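Worksheet: one structure, shown below.
None of the figures in this text is laboratory data; all of them are computed from the coordinates on show. The structure displayed is predicted, hence computed values, not measured ones. Every residue, glycine as well, gets a Cβ built from its backbone with ideal geometry; the counts of neighbours run over all protein chains shown.
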């Protein structure tokens with residue numbers, strides 16, 4: 001293994017619908033921007049990794065139809081589809097390809113066009129033996145384990161609503177974000193329609209059209225192309241059992257995220273995550289999940305996540321800003337959402353995050369989450 | 001089409017093999033109205049519904065045993081949108097007596113205020129059964145059941 005770093009990122013505007021572009025054109029826009037940010041052309045790319053949940057759009061073999069939009073012509077190109085973790089899994093796969101020594105420059109592109117698909121139908125096409133007859137889409141599935149988390153941890157609807165407010169306020173500083181609501185209030189979140197107790201509409205992520213791309217370069221190449229690469233220091237994946245019943249108390253325990261974070265921290269030498277991590281971009285499809293992830297990631301002691309948000313620790317100007325981009329709560333093109341977490345973490349380390357830049361960010365955490373409790377964790381650093 | 005979109009759809013039926021454990025489990029639901037789990041020889045957990053192998057230990061289960069029929073409500077959710085379905089869907093995680101995993105299923109015959117974690121529930125089987133998970137139509141709350149009766 002050799003070191004590898006992210007040297008460029010690019011994304012489209014995330015929106016309810018991009019009726020002006022088809023999937024390949026959407027992907028090409030993000031890819032072109034990432035290549036331009038990296039200062040290279042598609043001819044210098046050695047391999048391409050794509051991320052997309054094709055079931056949502058009902059279009060098989062997207063790596064074939066859409067791969068050309070990522071410049072995959074006559075190159076090794078693969079597609080990763082692991083639900084919510086698709087984007088982070090693709091980012092980790094791209095890192096493996098580059099760090100393994102097989103390829104010097106790897107392009108990763110994730111995308112989703114929810115406006116073209118039937119996302120909740122796609123979500124319902126789960127295991128036909130058990131889950132399909134009793135599943136109720138992402139919201140019901142989440143609410144089930146959120147009710148357990150709330151009962152055991154005592155977090156309040158207002159504390160969850162603060163997470164939702166923080167995300168949309170941060171998003172207002174991110175020109176690419178879908179939901180930008182700078183003056184959203186806790187009361188407005190709590191007054192929004194109840195989707196499934198205790199989850200209000202504004203506690204939940206939107207469905208977005210969008211794409212995001214990032215460029216990896218190997219040590220020896222990265223330093224020549226980029227003044228401040230974002231070096232990958234850890235990349236860890238943990239998958240759990242798929243049957244919902246086997247994941248009883250999922251949000252309370254969140255074993256996969258806990259294990260992945262512990263392994264990643266160990267690799268980097270992080271013993272006090274709140275002090276040693278400068279910024280985090282975590283995959284929070286619902287406000288309550290961000291609170292649960294604070295505990296699983298060791299940002300606070302168990303049961304203290306509500307206090308963490310109350311004290312403003314994870315605000316843009318707090319000790320450990322979480323999701324300055326606005327996160328998944330503000331933009332959620334699923335296949336791109338994980339790539340976005342990694343790209344936004346890289347932008348912070350590279351000093352290219354614009355209005356939502358955290359000053360002196362040198363160590364950034366990115367996570368991915370899949371609805372069946374799958375987790376990815378990456379740690380990026382300004383230092384090799 | 002209009003100027004911007006092409007519309008296309010699919011309507012397909014699929015036939016999935018249930019597999020050794022699920023076939024036996026579903027036949028028992030249909031023929032005996034019993035719920036079966038399987039014990040992992042390594043971690044000793046009773047997995048319900050029965051699985052042919054333990055997803056944690058990666059070994060074959062070797063002990064087939066009846067669980068429930070009573071259980072304890074571990075979590076539930078009644079999304080408003082799912083109440084518009086026919087029948088309405090109230091999703092539940094249920095710890096069946098004798099099982100070490102939760103069982104995902106539906107609740108029925110309840111008044112919303114009576115739902116709470118820890119509530120005792122019992123299965124209601126469909127009159128017409130065809131070897132499908134919904135041969136077990138739903139679980140309903142019970143004041144006293146076999147597990148707790150004097």
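How high is the FRET efficiency from residue A:227 to residue A:13, r the C-beta distance, R0 25 Å, rounded to 0.05? It comes to 0.40.
If R0 equals 30 Å, the separation of the Cβ atoms of residue B:43 and residue A:100 corresponds to a calculated FRET efficiency of about 0.30. Here the convex hull built on the C-alpha positions of the protein assembly as shown has a volume of 164 cubic angstrom per residue. With neighbours defined as other Cβ atoms within 10 Å of a residue's Cβ, the residues B:133, A:379 order from fewest to most as B:133, A:379.
Counting neighbouring beta carbons within 10 Å and listing from fewest to most, the residues A:14, B:15, A:239, A:114 come out as B:15, A:239, A:114, A:14. Helix B:20-32 and the longest principal axis of the Cα set of chain B meet at an angle near 80°. Shape index of segment A:1-137: Rg/Rh, with Rg the Cα radius of gyration and Rh the Kirkwood radius from the inverse mean 1/r over Cα pairs, equals 1.01.
One chain, two ends: residue B:14 and residue B:81. Fully extended at 0.36 nm per residue, the span grows by 21.4 nm beyond their Cα-Cα distance. Tell me whether segment A:262-384 comes out rounded, prolate or oblate; compute the Cα gyration tensor, take square roots of the eigenvalues as a ≥ b ≥ c, and use a/c under 1.5 as the rounded threshold. Verdict is rounded for segment A:262-384. Each residue, residue A:25 and residue B:53, gets one label point 7 Å from its Cα in the Cβ direction; the gap between the two is 4.7 nm.
Across chain A, the relative contact order, built from alpha-carbon pairs under 8 Å that are at least six residues apart, equals 26 percent. When a/c reaches 1.5 or more, the comparison of a/b and b/c decides; with that in mind, is segment B:20-141 rounded, prolate or oblate per its Cα gyration tensor? It comes out prolate by the Cα gyration axes. Under the simplified labelling scheme, the residue B:64-residue B:124 pair shows an inter-label distance of 3.0 nm, with each label point 7 Å from Cα along Cα→Cβ. Provide, for q = 0.24 Å⁻¹, the log10 of I(q)/I(0) from a solvent-free Debye sum over equal Cα point scatterers in segment A:75-136. The computed values of log10 I(q)/I(0) come out as -1.00.
In terms of surrounding Cβ atoms within a 10 Å radius of their Cβ, A:88, A:237, B:7 rank from fewest to most as B:7, A:237, A:88.
At a Förster radius of 41 Å, what calculated FRET efficiency corresponds to the Cβ-Cβ distance of residue A:65 and residue A:275, to the nearest 0.05?
Plugging the Cβ-Cβ distance into 1/(1 + (r/R0)^6) gives 0.30.
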